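Worksheet: the structure to be examined is printed underneath.
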Amino acid sequence: MVEWVNGDHIRNQRRALPKRRSFREGSDVDLFLLGTANILVNVSNYIQGGIVSVLTKFYTDMIHVYNAPVLMVGLGAQADFGDGLPFGTTNLTEKRSIKASDIILTAQQKEMYGLIKGSGGDIVVRGQFTANICTANGLQPPLVFGCPSLFINHNPSLGARLEAKRIAVLKARDSANLRLAVGLPAVPTQGNMYLQSLVLIQFLAKKVFKVFPKSFVVVQTPHDMDTIHKLQQYGAPITQDRIKYYYDPEHWFEGIGKSADFLFGFRIHGTMAGTAAEVPSVVISTDHRIQELAEGMQLATATVSDPRFGVEAFDLFDFIDSVKFDGRKFDEHRRSIAKQYVALFERLKAPVNPGIAAIANTGAGEATV
């Protein structure tokens, strides 16, 4: 039997932990699967009582409950670029670029990591930046698989399909009719970074929403509504019919697939929803977390400080064309990760999704668009 827990269950699970401990004593749990996110932070940001410390303690307590291998999937680090500011704006905070070796993990997070590795299970991280943080802190190397959302779509030729659609968008260059989905950036509500983010808001209003009349916003958080209001203040013609919100992942994938020709996003999971729906995209990385995922999964990506954004005569089609995407490389990479997932689950004697197994068993050159 596989026992599964993720961070979304934190409140209910914490309250029920003593009961769960008693209930599971003597039960047959073969594998404890922990789904998590970007909970690795520098010691200076590890606040006792904060969500990261609560999650770390919760996971550690749960690991002690089960006498079984533990597999943690989706582990990542949260770290700003430091120098990754929108479009060459002045770095008011004067931060230098953060390196993996700059991130010092707490004893509690190291303990959690060591318990998982020592259980006979393993740890799957989101990208190489997180892996480098782990090894820089003296921890055993993790597995670098990216985000599990890479396998929502089981089409073994997904990359080829995305590239074909991307080529069609660039060939048409039809700004009047392109159905452009926009995943908004997470904009701070105050401080220097908020002031600098206004440059990004003005850019989106002028160069995207005014130029593409069939563009629309995909709302991911309540704060996105504040960002929309700010965009409207800068002249973005975002009417109610150009705002979409999906109530569950299935409708998200279906809706974005039917309503968008291309996705221009600033968040990784909104972009992966488009990828799952076979909508080509470019994701703009605003921190190390997004960058390591985008690069690690072979997505078309650029950073928010890319100088191409600073050109007055910015053309989104030219930009898309300059941010390369290789569908064959994407498919080969996904096949390689699928094979590693299959091998990992076989070692842990756990079933693997047949769709992932099918991707792993697709030989190079067998997949078609």
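Scan the range 348-359 and tell me whether some residue there is out of contact with any Leu (no Cβ under 7 Å at 6 or more places or on another chain), in the same structural domain as residue 265 (by the TED database), open to solvent by less than 10 Å² (accessible area, probe 1.4 Å) and closer than 23 Å to residue 156 by Cα. Walk me through how you get there before you give the answer.
Here is the first cut: in the range 348-359, the residues out of contact with any Leu (no Cβ under 7 Å at 6 or more places or on another chain) are 349, 351-359.
From what's left, in the same structural domain as residue 265 (by the TED database): none.
No - not one qualifying residue is present in the range 348-359.
In the range 286-305, which residues are in contact (Cβ under 8 Å) with a residue 60 or more places away in the chain and farther than 16 Å from residue 328 by Cα?
If the condition is that a residue be in contact (Cβ under 8 Å) with a residue 60 or more places away in the chain and farther than 16 Å from residue 328 by Cα, then 286, 287, 288, 289, 291, 292, 293, 303, 304, 305 are the ones that fit.
Filter the range 107-132 down to the residues that are in contact with a Ser or Thr (Cβ under 8 Å, 6 or more places away or on another chain) and open to solvent by less than 30 Å² (accessible area, probe 1.4 Å), then identify the one that is farthest from residue 68 (Cα to Cα). Break it down into steps so the answer makes sense when it comes.
If we filter the range 107-132 for residues that are in contact with a Ser or Thr (Cβ under 8 Å, 6 or more places away or on another chain), which is where we start, we get 108-109, 111-112, 115, 132.
In the following step, the residues that additionally are open to solvent by less than 30 Å² (accessible area, probe 1.4 Å) were identified as 109, 112.
Numbers: 109: 20, 112: 15 Å.
Taking the candidates together, the pick is 109.
Take the conditions under 22 Å from residue 212 (Cβ atoms) and surrounded by fewer than 16 Cβ atoms within 10 Å (Cβ to Cβ) and apply them to residue 306. Does it pass?
Working: under 22 Å from residue 212 (Cβ atoms): yes; surrounded by fewer than 16 Cβ atoms within 10 Å (Cβ to Cβ): no.
Considered against the rule, which asks whether it is under 22 Å from residue 212 (Cβ atoms) and surrounded by fewer than 16 Cβ atoms within 10 Å (Cβ to Cβ), residue 306 comes out as no.
Output the residues belonging to the range 298-339 that are within 21 Å of residue 357 (Cβ to Cβ) and either at pLDDT below 95 or aromatic (Phe, Trp, Tyr) (or both).
330 - this is the single residue of the range 298-339 that is within 21 Å of residue 357 (Cβ to Cβ) and either at pLDDT below 95 or aromatic (Phe, Trp, Tyr) (or both).
For residue 289, state whether it is of a type outside the set (A, V, I, L, M), surrounded by 22 or more Cβ atoms within 10 Å (Cβ to Cβ) and either on the phi > 0 side of the Ramachandran plot or in contact with a strand residue (DSSP E or B) (Cβ under 7 Å, 6 or more places away or on another chain) (or both).
On the way: of a type outside the set (A, V, I, L, M): yes; surrounded by 22 or more Cβ atoms within 10 Å (Cβ to Cβ): yes; either on the phi > 0 side of the Ramachandran plot or in contact with a strand residue (DSSP E or B) (Cβ under 7 Å, 6 or more places away or on another chain) (or both): yes.
Answer is yes for this residue.
Would you be able to say whether some residue in the range 262-285 is farther than 19 Å from residue 161 by Cβ, open to solvent by 50 Å² or more (accessible area, probe 1.4 Å) and out of contact with any Cys (no Cβ under 8 Å at 6 or more places or on another chain)?
No, there is no match, as no residue in the range 262-285 is farther than 19 Å from residue 161 by Cβ, open to solvent by 50 Å² or more (accessible area, probe 1.4 Å) and out of contact with any Cys (no Cβ under 8 Å at 6 or more places or on another chain).
Looking at the range 298-352, which of its residues are among the aromatic types (Phe, Trp, Tyr) and over 20 Å from the mean Cα position of the chain (by Cα)? First the steps, then the outcome.
Let us first name the residues in the range 298-352 that are among the aromatic types (Phe, Trp, Tyr), namely 309, 314, 317, 319, 325, 330, 341, 345.
Once the filter is applied, which keeps residues that are among the aromatic types (Phe, Trp, Tyr) and over 20 Å from the mean Cα position of the chain (by Cα), the range 298-352 yields 309, 314, 317, 319, 345.
Taking into account only those residues within the range 225-259 that are among the acidic types (Asp, Glu) and more than 17 Å from residue 272 (Cβ to Cβ), which is surrounded by the fewest Cβ atoms within 10 Å (Cβ to Cβ)?
Looking at residues that are among the acidic types (Asp, Glu) and more than 17 Å from residue 272 (Cβ to Cβ), I get 241.
State all residues of the range 125-161 that are touching a strand residue (DSSP E or B) at 6+ places or on another chain (Cβ under 8 Å) and part of a helix (DSSP H, G or I); if no residue qualifies, say none.
128, 129, 130, 131, 133, 134, 148
The values are calculated or read from the model by the stated rules, or taken from the named source; none is laboratory data. Just so it is clear, the model here is predicted, and its values are computed rather than measured. Positions of Cβ are generated from backbone atoms using ideal geometry, with glycine treated the same way; all protein chains shown enter the neighbour counts. Note: accessible area is taken over every heavy atom of the protein model, side chains too, but ligands, DNA and RNA are not part of it. Shrake-Rupley method; radii C 1.70, N 1.55, O 1.52, S 1.80 Å.
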